[in-house]
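Read through the structure below, which is laid out as structure tokens, and then see the notes.
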Amino acid sequence: MGLSDKDNSSFPKETETRVRPGSQLPSEEKKPETAAAKRAAGSAASKTKSKAKVKAKPPKAHKSADETAGKYAMSVIPKAYETLIPDDIPEFEDTPERRALVEKRKKGHFRRKLRDWGIFTGYLTPSLLGVMVFFFLPLILLLKTSFQKSPTNADFVGFRNYERVLTNAAFISASKNTLTFALISVPLAVVLALFLAMLLNSGLPGKSVFRSILLNPMMVPVASVVLIWQVFFSYNGVINGWTAQLFSWDKIDWLKSQYAQIVIMLLFLWKNLGYNMVLFLAALNAIPSEILESASLDGAGPVKRFFAIKLHYLSPTIFFVGIMSLINSFKIFREVYLLTGDYPFDNLYMLQHFMNNKFTQLDYSLLSSGAIVMCIAMIIIVGILFYSESKFDSDVEE
Amino acid sequence: MDAELRKQRRLAATKARRNVFTETVHPKSYFEQMTDAEREAFFAREKKRSATALKQRKVRKTILTALGLMIAATISLLALVPIFFTFLNSFMSSDEIINNYSVIFQSMSGHNSSGATYLSRTPVLKLIPEEVTIKQYTTLLFMNPAYLFKFWNSIVLTLPIVGGQMAVACLASYSFARYRKKRREVLFFSYIILMLMPFQVTLVPNYMIADALGILNTYWAIILPGVFSTFAIFLLTKYMRQIPSGYIEAATIDGATEWQIFTKIAIPLCKNAIFALTILLFIDYWNMVEQPLVLLTDTELQPLSVFLAQINEPEIGIAFAASAVYMIPPLLIFLWGEEYLVEGISRSGIK
């Protein structure tokens with residue numbers, strides 16, 4: 001249900017003739033024939049044709065059961081129903097005026113449909129135009145450039161650009177880093193956010209206070225907290241000082257070692273947990289409490305209740321949160337760039353770095369084929385996600 | 001079979017026929033077998049047992065709640081530390097900051113890390129400054145026009161994008177929500193895919209079209225693609241589809257035009273979502289780094305977010321104040337519209 005429910009009353013009612021069932025007056029014998037003839041004459045649109053076919057059946061049955069009809073007609077149709085049918089059903093003669101009227105109505109119907117379509121397209125136009133100009137058209141252009149030798153030299157080089165991109169060491173390591181980051185941080189973000197939501201939802205006092213505190217990091221621009229992260233995680237930073245004092249560990253250069261991704265992951269989680277948690281809180285509140293209650297009466301413990309009931313109700317939200325986190329994990333370049341600049345440590349070199357550095361080198365054909373490869377990969381990932389969601393949803397609901 | 005048994009059976013059958021019930025002796029229950037004294041002792045014992053059980057349950061619950069509170073408090077503290085830290089440090093004098101933190105920034109990217117290893121000093125994390133001054137802010141706001149220009153750049157870039165995208169998105173999502181046809185769904189799906197595309201993909205097309213239109217290195221190169229971004233359309237459409245169709249039908253019967261339905265029904269009903277989305281978009285674009293980096297090569301035009309990352313040693317004295325000022329507008333918006341934000345986010349997740 002929603003805005004989109006269309007009204008089905010578009011078909012003009014007047015063209016249908018109601019035949020009063022069961023009343024066998026001799027004067028009415030002709031009616032079906034005239035009506036059928038009229039319809040055959042006026043049936044131009046396919047809709048009217050199909051209706052005419054449906055309507056054409058009763059007369060045939062009527063003729064074959066001519067003698068018996070009178071006997072059981074009254075027994076089949078209740079008397080109360082009889083009174084509901086008015087005696088003066090208007091009958092339309094096949095006159096030119098009538099035909100003109102039908103034509104006019106059809107035209108009006110068409111015009112109304114066109115107007116509806118016009119209005120809705122009109123509402124969409126600004127967005128459609130902009131999206132066409134700024135996204136779809138350039139993407140097609142991109143596709144074209146990816147097969148050219150260079151933007152100025154329009155020689156067709158086939159898949160050579162793709163070959164170059166896919167064998168480019170920087171591209172491979174960048175995509176590997178981006179994927180590893182997404183594969184580790186997205187599940188972590190989902191699970192931790194779910195845990196936090198369950199914790200807040202388990203009847204803790206001051207739930208709303210915690211919620212707004214945890215939402216706070218979402219509002220803070222990354223650029224503002226980068227400084228703090230540097231204070232904590234740089235070589236001479238605070239964390240290293242603490243570990244040196246407490247456990248007398250050696251200093252680790254967090255941002256230039258294999259731990260670099262962990263630091264970025266912390267920043268990512270810090271920023272995204274609040275948003276995900278609010279989504280999960282809403283979903284947890286939407287679970288019908290009767291089901292949980294009856295389950296606990298039947299002796300299901302909290303763990304069983306979580307896996308058997310809550311998880312099923314949460315599954316659409318889990319998918320949504322997963323998709324949002326995935327998008328955000330691809331945006332992680334922002335944090336990495338702000339923390340470490342154009343050329344970070346090897347395992348922080350993200351796809352966006354690759355693109356940025358290729359921009360400065362003006363290697364457009366490589367850039368466009370790289371973008372196309374990413375686009376295809378993204379479509380595949382999203383397709384898998386949506387497909388599995390629909391599969392899973394149909395399993396869960398009902 | 002002997003006669004006696006037969007007689008008995010016949011009698012039983014007759015009785016059964018006449019509905020005569022014979023009393024059967026029930027065995028006494030455990031409770032009934034007890035004497036009064038025993039019964040009282042039993043009750044006392046039970047009372048005691050249930051009291052201890054209740055107490056135990058209460059204790060367990062308090063312990064669990066305390067544990068949960070502790071975990072939640074720790075996490076919230078961790079969430080708040082960077083923000084508090086920035087604000088508190090922004091009131092330090094710049095000498096103190098240089099004393100404290102110059103060690104850190106010597107080991108940062110600009111410097112040779114091998115040189116920094118010789119420094120054995122570790123920085124002290126100071127939450128409360130030794131002397132509280134607002135000197136950082138005054139130097140920042142009155143002595144440093146570059147900073148103010150960058151701040152103004154951020155505003156000029158963010159506000160038109162947010163306003164424009166919301167206007168476009170309201171119209172488009174109304175259309176998508178009201179008129180659902182198969183072809184439209186395909187278009188909507190392509191919008192979703194476009195929304196999910198990371199910057200890495202969309203930035204190249206943006207660059208090319210900006211180049212073609214000759215708006216490269218101006219604000220328009222960022223504003224225009226931002227206005228037509230499909231993120232808001234996706235969420236608003238989800239929201240608008242929840243409007244009951246009865247409202248629209250009633251309005252149509254009363255003779256409302258399509259524009260009236262849009263402005264008087266659809267928009268007011270989605271008010272909360274629109275507020276929430278505005279806040280979300282504002283944060284997102286206030287934060288943006290990728291687009292200005294690529295599309296605005298002129299550093300004069302770049303917003304504050306890019307500039308803050310490039311603050312280095314000589315300016316470290318005002319860096320904290322700069323960060324603090326930069327995070328104030330979104331935090332104020334958050335304080336003002338938290339309810340809207342929470343509700344908007346919550347509704348977007350539930351189908």
Tally of residues being within 11 Å of another protein chain (Cβ to nearest Cβ) and part of a helix (DSSP H, G or I) across segment A:111-156: 32
Out of segment B:308-351, which residues are more than 8 Å from every other protein chain (Cβ to nearest Cβ) and at pLDDT below 80? B:Q310, B:N312, B:E313, B:P314, B:E315, B:I316, B:G317, B:I318, B:G344
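Go through segment B:166-190 residue by residue and tally those that are crowded, with 22+ Cβ neighbours inside 10 Å and either at the interface with chain A (Cβ under 8 Å from one of its Cβ atoms) or of a type in the set (A, V, I, L, M) (or both).
Filtering segment B:166-190 for residues crowded, with 22+ Cβ neighbours inside 10 Å gives B:168-170, B:172-178.
With the extra rule that they be either at the interface with chain A (Cβ under 8 Å from one of its Cβ atoms) or of a type in the set (A, V, I, L, M) (or both), the set shrinks to B:168-169, B:172, B:174-178.
Of the residues in that region, 8 qualify.
Residues in segment A:228-244: is at least one hydroxyl-bearing (S, T, Y), within 7 Å of chain B (Cβ to nearest Cβ) and in a loop (DSSP other than H, G, I, E, B)? Steps first, please.
The initial filter retains those residues of segment A:228-244 that are hydroxyl-bearing (S, T, Y), namely A:234-235, A:243.
Adding the requirement that they be within 7 Å of chain B (Cβ to nearest Cβ) leaves A:234-235.
In the following step, the residues that additionally are in a loop (DSSP other than H, G, I, E, B) were identified as A:234-235.
Yes - at least one qualifying residue is present in segment A:228-244.
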Regarding segment A:157-164, can at least one residue be identified that is in a helix (DSSP H, G or I), touching a residue at least 12 places away in the same chain (Cβ under 8 Å) and farther than 26 Å from A:H353 by Cβ? no
Could you look through segment B:197-221, keep only residues that are assigned to a loop (DSSP other than H, G, I, E, B) and among the hydroxyl-bearing types (S, T, Y), and pick out the one that is surrounded by the most Cβ atoms within 10 Å (Cβ to Cβ)? B:Y219
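Look through A:S294, A:S368, A:S388 and report the one residue that is in the same structural domain as A:F268 (by TED's automatic domain parsing), in contact with a helix residue (DSSP H, G or I) (Cβ under 7 Å, 6 or more places away or on another chain) and of a type in the set (G, A, S). Explain how you work it out, then say what you get.
Values: A:S294 fails: in contact with a helix residue (DSSP H, G or I) (Cβ under 7 Å, 6 or more places away or on another chain); A:S388 fails: in contact with a helix residue (DSSP H, G or I) (Cβ under 7 Å, 6 or more places away or on another chain).
Going through A:S294, A:S368, A:S388 in turn, just one is in the same structural domain as A:F268 (by TED's automatic domain parsing), in contact with a helix residue (DSSP H, G or I) (Cβ under 7 Å, 6 or more places away or on another chain) and of a type in the set (G, A, S): A:S368.
Do we find a residue being free of Cβ contacts under 8 Å to residues at least 60 places away in the same chain, outside any helix (DSSP H, G or I) and on the phi < 0 side of the Ramachandran plot anywhere in segment B:187-196?
Quick first cut of segment B:187-196, residues free of Cβ contacts under 8 Å to residues at least 60 places away in the same chain only: B:187-196.
Right, trim to outside any helix (DSSP H, G or I) and you get none.
No; the residues of segment B:187-196 include none that is free of Cβ contacts under 8 Å to residues at least 60 places away in the same chain, outside any helix (DSSP H, G or I) and on the phi < 0 side of the Ramachandran plot.
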From the list B:T230, B:T257, B:T237, B:T278, which residue is surrounded by fewer than 18 Cβ atoms within 10 Å (Cβ to Cβ), within 30 Å of A:F120 (Cα to Cα) and hydroxyl-bearing (S, T, Y)? B:T257
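The values are calculated or read from the model by the stated rules, or taken from the named source; none is laboratory data. Since we're looking at a predicted model, the values are computed, not measured. Positions of Cβ are backbone-derived with ideal geometry, glycine not excepted, and every protein chain shown enters the neighbour counts.
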